[in-house]
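Structure record follows, encoded as structure tokens.
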Amino acid sequence: MTTKAWALAVLLAVTLAGRAAADDKPVLRYTPPSATFVCDLPGEDWHAFEEEEGAGFATHILGPDNPAGTYRTGIDIRWFEKGQPGWVPVKRYIDDLRRSDKETGREATIVQPYRISGLLARLFEVVQRRRLPDSQLPSLEDEIHDYYAVIPVGESYYSIKMSSTRDVYYDYRDVFIKFLRSFKTLGR
């Protein structure tokens, strides 16, 4: 091996070791029992499970509580298949989610295109006011931020939503994008 080749090999090894040390968090892969997708969980404190609902299977990934302890950040993934209960055309589904409501202060951002798993998804954010905690008194009004990614697969589609409260939603924007980059459809 020449001196130049040896130097390049050492430089490559040092660079790879530095990247591994900088990203020492283990990747936590998750595939639901229905085996419809695979993704990376955002961290060790996130817990995933799948349950059957009236319109099919839904995967829930629960994150940490917010500092006030009134709301748990989470990601919900649903598959809407044409011909099954709950399915509406993707454009109507997005329009319904983005519909404004003065009573709850519901507002939505514009729809942005984004590639996920090689498919053209639509990303947007919905903000609305809710009383938290919602199941007990006393409760206070808080803003809930829902980040949505709708991924059409033919006429069917995935709907991925991450919800958090206003006090932490900036902390989760990058978490949501990183999660979407790891999301891969299986067998669709």
Task: Amide N of the range 76-108 lying under 18 Å from the label point, which is placed 7 angstrom from the Cα of A55 along Cα→Cβ - done: 76-100
Open item on the list: With the crude spin-label approximation of a point 7 Å out along Cα→Cβ, what separation in nm comes out for Y114 versus R166?
Closed with: 2.3
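Compute the FRET efficiency between R72 and S156 as 1/(1 + (r/R0)^6), taking r as their Cβ-Cβ distance and R0 = 30 Å, and round to the nearest 0.05.
Taking R0 as 30 Å, the efficiency between R72 and S156 is 0.55.
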Open item on the list: Taking R0 as 41 Å, what FRET efficiency do you get between T104 and A35 from their Cβ-Cβ distance, rounded to the nearest 0.05?
Closed with: 0.65
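We did not get these values from a lab; they are worked out from the coordinates using the rules stated. Everything numeric in this text was worked out from a predicted model, so none of it was measured. All Cβ positions, glycine included, derive from the backbone under ideal geometry; neighbour counts span all protein chains shown.
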